[in-house]
Amino acid sequence: MLCGELGLEVKRSGDSRKAQFKELERYCTYSKVGHSIIIDKVYEQPLEKPKRKGNNTVYSELIQLLILDMLAQNKKGNMSISKGMLIKSVSLVNHNYRYCFENRKSLAKYANTDAEIVKDFYDSSNSTFKKAIEQALNKLVEKRLIMYDTITKVCEKGKFRPRRASPDEKKLVMLSEKQVLDELGYREISHVRVSRHWNEFKRRSQALINKCSNIKYYFIAYDITANDKYIENECEKLIGFLLKEMDRNEYKDKLNKTACSKLLVNAEGRHKTAFLGFKENNFRINDNYINDVKKLIDLLINNDAENIAGQIEQIKTQDDLSFDIELSLPSGL
């Protein structure tokens, strides 16, 4: 009857009905008595609709802003950048993140944590950051501020600047990597990326590519075309002014703190759901799981972290030396 008086569609499902009552609160105060709804007071002007400004919204807007700022600084109308470089450039991660990914075993020793937890941390953070970056890019596409494609780029031996890979070069990369995947017994590259064979996979794949081409290395990049005419206006809408160096660092620091908080909340969620009985992730049940994730956030994400490349390299060198000594000993010792 109330919906009929107000000319509203009747919502019968739980969430839709709750949302309709929430909307009604913008126009009046009311109380429920049995099946009756008593209207106590009607506002002369409807209250402003509350804006949803959750953590995800703030997260996305900061990434959008910093991507637009990079494009505005670039002044070329186009930018090709790898995912790893992009998440570092907007300060989602710090200087240790990529180097320690290549040396996860040594990182686990340095952080005094299990290798499984290090693997779990990188799996979840890589997934979170990829999703966040692509959501921000897609939002900018919706606003018609950018268009982007995912492309393969190669750098030739003796040359500094990478270029877009040709179809033949992409086929060569696929053939080489598929051959090594099969030899190592993996079906998907995501599986070997988080395994102990990752460095071997890269070395053997690159050797095959080098044997058949002049390619020094290749990588996947976002190729972004900017709508230059409107980018500065959008920056002004988001923050009221164009970014100067001090402001830029402030927003990067804000995004970095949000990333640290988000990764910890995600880890706490994984810790709780681990008790539901998923045996393959039983290490998440351990009491030290959250503390270990905090340590990894401080080392790999937090902008204030010291550079630990030297310490990680020292552990790696010691491990390699121990391995060589072990192999050189007679089998009876």
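The values are calculated or read from the model by the stated rules, or taken from the named source; none is laboratory data. From a predicted model like this one, the values you see are computed outputs, not experimental measurements. Note that each Cβ is placed from the backbone with ideal geometry, even for glycine, and that neighbours are counted across all protein chains shown.
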So, of the residues in segment 67-118 that are in contact (Cβ under 8 Å) with a residue 24 or more places away in the chain and among the aromatic types (Phe, Trp, Tyr), which turns out to be nearest to PHE283 (Cα to Cα)? TYR110
Within segment 1-20, can you find the residues that are surrounded by 11 or more Cβ atoms within 10 Å (Cβ to Cβ), assigned to a loop (DSSP other than H, G, I, E, B), modelled with pLDDT of 75 or more and aliphatic (A, V, I, L, M)? VAL10
It is to be established whether one or more residues within segment 68-85 are touching a helix residue (DSSP H, G or I) at 6+ places or on another chain (Cβ under 8 Å), modelled with pLDDT of 80 or more, surrounded by 12 or more Cβ atoms within 10 Å (Cβ to Cβ) and not assigned by TED's automatic domain parsing to the domain that holds LYS143. no
When ASP287 is evaluated against the numbered criteria (1) within 25 Å of SER89 (Cβ to Cβ); (2) outside any helix (DSSP H, G or I); (3) modelled with pLDDT of 65 or more, which criterion, by number, is the only one it fails? (1)
From the set of residues in segment 146-175 that are out of contact with any strand residue (DSSP E or B) (no Cβ under 7 Å at 6 or more places or on another chain) and of a type in the set (A, V, I, L, M), which is surrounded by the most Cβ atoms within 10 Å (Cβ to Cβ)? LEU172
Unique match (being more than 29 Å from GLU61 (Cα to Cα) and crowded, with 16+ Cβ neighbours inside 10 Å) among ALA115, ALA136, ALA111, ALA132: ALA111
Quick test of your reading of the structure: GLU23 fulfils all but one of (1) at pLDDT 85 or above; (2) outside any strand (DSSP E or B). Name the failing condition by number. (1)
Within segment 107-160, residues aliphatic (A, V, I, L, M), touching an Asp or Glu at 6+ places or on another chain (Cβ under 8 Å) and farther than 23 Å from THR258 by Cα come out as ALA108, LEU145, ILE151, VAL154
Count, please, the residues in segment 179-196 that happen to be closer than 16 Å to ILE215 by Cβ and either part of a loop (DSSP other than H, G, I, E, B) or not aliphatic (A, V, I, L, M) (or both). 1
Could you check segment 181-227 and list, in sequence order, the residues that are basic (Lys, Arg) and in contact (Cβ under 8 Å) with a residue 12 or more places away in the chain? ARG196, ARG204, LYS216
